[in-house]
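*Asks:* Before I ask anything, here is the structure I am working with.
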Amino acid sequence: MSDMKPYDPLQFWNFLRFGPGNVTYACPGLKTLSVYCRGARAQMERLLDPLPFELADDRFVVSIADFGNNSGRTYFDAAVILPVRYGEHVGGTYYFEYEDKHTTVAGGRELWGYPKHFARIELEETATGMRGRTSLYDDVMFEIAVDFDPSVSREAWADLRLFPHYQVRAVPEVNGPGFQTFDIISRNTIKDYKLTERKVGRGRVSLGPTISVGEERLRIAEVLGAEYTVGDFASTPENGVPTVVASLV
């Protein structure tokens with residue numbers, strides 16, 4: 001064994017091309033378009049069958065965020081976020097999530113359990129508001145938009161609890177049918193978020209066949225409204241680095 005190459009495992013981060021789990025970062029001027037919807041409760045409960053969470057509300061959000069000012073790598077993030085409960089813990093889980101950089105997709109999945117996949121993501125101004133699109137080749141995951149209207153009230157969704165985030169970080173066995181570890185983790189970046197601008201309005205959303213429960217496309221019973229926000233995001237050691245809520249394996 002004396003002729004083996006001297007090796008520090010921490011060097012492996014350079015090979016993975018993303019940082020460790022305690023990395024902190026910030027994105028001043030984070031731009032986010034969020035469309036708030038009411039779904040079909042029974043269908044949403046079926047959607048959660050593979051997870052250890054229970055549905056906490058029949059409202060959910062479809063969003064696109066522009067991390068163009070992010071420290072380190074810049075990227076777009078698109079997601080469908082569901083309100084969930086795990087015992088006494090209530091918050092949101094990213095159920096469908098997409099980003100446009102391979103390194104941020106891999107990092108988010110492996111470090112913290114976010115279910116990220118690669119996609120092309122767009123967010124742009126329109127004559128009346130904002131629009132966004134998430135797609136890959138001919139597969140359109142979703143399209144969302146807002147027409148700004150100050151008469152729209154946030155009351156229909158302002159009380160929706162989507163923080164902290166609760167995600168499952170599961171590491172499969174290399175030679176078996178189960179998991180080597182299966183942790184539920186919590187992360188609450190909203191504590192360090194500073195809102196600088198908010199515009200509300202009438203929302204529009206179109207979900208593609210990828211956003212589905214089995215073979216059935218996720219249904220929207222009602223679009224409650226939408227908002228476009230700009231704010232200073234930070235993932236800090238206190239709130240951005242996840243903590244383990246429970247270990248099931």
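*Asks:* For segment 4-24, state whether one or more residues are in contact (Cβ under 8 Å) with a residue 60 or more places away in the chain, more than 23 Å from R161 (Cβ to Cβ), touching a Phe, Trp or Tyr at 6+ places or on another chain (Cβ under 9 Å) and open to solvent by less than 40 Å² (accessible area, probe 1.4 Å).
*Replies:* yes
*Asks:* Can you tell me which of I184, I190 is buried (at least 18 other Cβ atoms within 10 Å of the Cβ), closer than 21 Å to P83 by Cα and either in contact with a His (Cβ under 7 Å, 6 or more places away or on another chain) or aliphatic (A, V, I, L, M) (or both)?
*Replies:* Going through I184, I190 in turn, the sole match is I184.
*Asks:* Look through F179, F163 and report the one residue that is open to solvent by 60 Å² or more (accessible area, probe 1.4 Å) and within 26 Å of D100 (Cα to Cα).
*Replies:* Unique residue meeting the criteria: F163.
*Asks:* Scan (1) open to solvent by less than 30 Å² (accessible area, probe 1.4 Å); (2) on the phi < 0 side of the Ramachandran plot for the single condition G113 breaks and write down its number.
*Replies:* (2)
*Asks:* On to the next question. Looking at this structure, is R59 of a type outside the set (G, A, S), touching a Phe, Trp or Tyr at 6+ places or on another chain (Cβ under 8 Å) and over 24 Å from T236 (Cα atoms)?
*Replies:* yes
*Asks:* Conditions: (1) under 18 Å from the mean Cα position of the chain (by Cα); (2) under 27 Å from R131 (Cβ atoms); (3) not acidic (D, E); (4) not in a strand (DSSP E or B). G107 meets all but one. Number of the miss?
*Replies:* (2)
*Asks:* Have a look at V152, V146 and point out the one that is within 17 Å of V223 (Cβ to Cβ), under 22 Å from the mean Cα position of the chain (by Cα) and surrounded by 11 or more Cβ atoms within 10 Å (Cβ to Cβ).
*Replies:* V146
*Asks:* Give the residues of segment 128-166 that are more than 24 Å from T189 (Cα to Cα) and part of a loop (DSSP other than H, G, I, E, B), sorted by residue number.
*Replies:* Residues satisfying the conditions are T128, Y137, D138, D149, P150, S151, V152, S153.
*Asks:* Can you tell me which residue among E215, E238, E222 is closer than 24 Å to A158 by Cβ and open to solvent by 80 Å² or more (accessible area, probe 1.4 Å)?
*Replies:* Exactly one of E215, E238, E222 is closer than 24 Å to A158 by Cβ and open to solvent by 80 Å² or more (accessible area, probe 1.4 Å), namely E222.
The values are calculated or read from the model by the stated rules, or taken from the named source; none is laboratory data. Keep in mind that this is a model prediction, so the values were computed, not measured. Don't worry about glycine lacking a Cβ; one is built from the backbone with ideal geometry, like all the others, and counts go over all protein chains shown. Areas reflect the complete protein model, heavy atoms only, side chains present, ligands, DNA and RNA absent. Shrake-Rupley method; radii C 1.70, N 1.55, O 1.52, S 1.80 Å.
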